[in-house]
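Taking it in order: structure first as structure tokens, then the write-up.
Where a number appears in this text, it was derived from the coordinates with a stated rule and is not lab data. What you see is a predicted model, and the numbers here were worked out from it, not measured in a lab. Here Cβ is always computed from backbone atoms with ideal geometry, including for glycine, and neighbour counts include all displayed protein chains.
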Amino acid sequence: MTIALSQFDEVRLDRVSRDFGALNALRDVSLTIRRREFIALLGPSGCGKSTTLNCIAGLLPVTGGAIWLDKQRVDTLRPEERGFGMVFQNYALFPHLNVRQNIGFGLKMRGTPKAEIDRKVDEALSLVRLQGQEHKLPGQLSGGQQQRVAIARAIVIEPPLVLMDEPLSNLDAKLRLEMRAEIRRIHNELGATTIYVTHDQDEALSLADRIVVLRDGVVRQVGSPKELYEEPAHLDVADFMGFRN
Ligand code: ADP
Ligand code: MG
């Protein structure tokens, strides 16, 4: 493969906190993500999922704690120095750039030679199954196709970590199921390490190797889908997973 993701053993959040004024949006979040894992951050709206992801990406400074990529401390680095791939709910594509230009944008910014950009973009296009669409503008694509472009753009920079924030929430139910399978396929084919934010327990249970349940800025439980299903550690986890009423 031309796209070769940066390799590492683990990403570690060590008592990460983030305050907004008097609000403790994250409190002492500690978590280790191993290479090639698919991790879901699961919890209701407002529990701190996006804040966690944005702190990892560097879009938001932490107010306490540290984030490590193996032995390198990364919470002090700028987002582009961390080089993580981001996929957002609203796709965040450049409307005036075509599919090929959107996907290659980050590589171009880094000064990657054109022949190499072309090779990598070709591979990303084929990985997300968008061959033939490369000269279209985002506005000419369906929501699912736009999200495929966003995924290709995130992985073409060969990030050690792919971060996705509710990437399927804007899609209708049928496309959501289709893209769910696609996201896991792409993760597997690439050997990526993915942190996937969702408020949808079905999505987390079907996609993730491990699920991190967040509540009010605190990690309530971490486990495989099977572990969470069989042993919800807290009553509110059980509530949230839909086992109590
Ligand atoms: P989630 O993604 O789980 O829905 P967020 O991480 O967006 O939750 O938000 C966690 C908490 O932090 C919420 O109470 C939210 O209102 C608050 N919050 C998030 N971003 C900001 C901000 N920029 N300024 C003030 N409060 C914020
Ligand atoms: Mg959010």
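For the reader, a short list of remarks on this structure follows.
- Partners of Lys108 within straight-line reach, counting lysines whose Cα lies under 21 Å from its Cα and excluding those fewer than 8 residues away in the same chain: Lys120, Lys136.
- Once the Cβ-Cβ distance of Ala66 and Gln131 is raised to the sixth power relative to R0 = 30 Å, the FRET efficiency obtained is 0.10.
- Size descriptor, Kirkwood hydrodynamic radius, that averages inverse alpha-carbon separations across segment 151-232, Å: 13.7 Å
- For the chain, alpha-carbon Rg over 2.2 N^0.38 Å: 1.00
- Note on segment 128-245: dipole from Cβ charges, positive end direction compared against Ala150, Gln140, Gly217; the farthest Cα belongs to Gln140.
- Packing-based exposure ordering (other Cβ within 10 Å, fewest first) of His96, His199, His187: His96, His199, His187
- Counted by neighbouring Cβ atoms within 10 Å, the residues Arg148, Arg78, Arg129 run from fewest to most as Arg78, Arg129, Arg148.
- Between Ser6 and Ala173, the FRET efficiency from the beta-carbon distance, with R0 = 41 Å, is close to 0.70.
- Additional length obtainable on full extension of the chain from Ser45 to Glu230, 0.36 nm per residue less Cα span: 64.2 nm
- Peptides 222-233, 43-54 ranked from most to least packed, by the mean per-residue count of other Cβ atoms within 10 Å: 43-54, 222-233.
- Net dipole in debye of segment 95-245 [+1 Lys, Arg Cβ; -1 Asp, Glu Cβ; about Cα centre; nearest 20]: 640 debye
- The modelled label-to-label distance between Asp216 and Ala22, using points 7 Å beyond Cα along the C-beta direction, is 1.6 nm.
- Translational diffusion of segment 1-143, µm² s⁻¹ [Kirkwood Rh, Cα pairs; Stokes-Einstein; 25 °C; 0.890 mPa s]: 141 µm²/s
- Placing unit charges on each Cβ (+1 for Lys and Arg, -1 for Asp and Glu) gives segment 1-152 a dipole about its Cα centre, and among Ser126, Leu5, Thr63 the Cα reaching farthest toward its positive end belongs to Ser126.
- 0 to 90° range, to nearest 10: angle between helix 173-190 axis and the chain longest Cα axis: 80 degrees
- Taking other C-beta atoms within 10 angstrom as a stand-in for reagent exposure, Arg34, Arg153 fall in the order Arg34, Arg153, fewest first.
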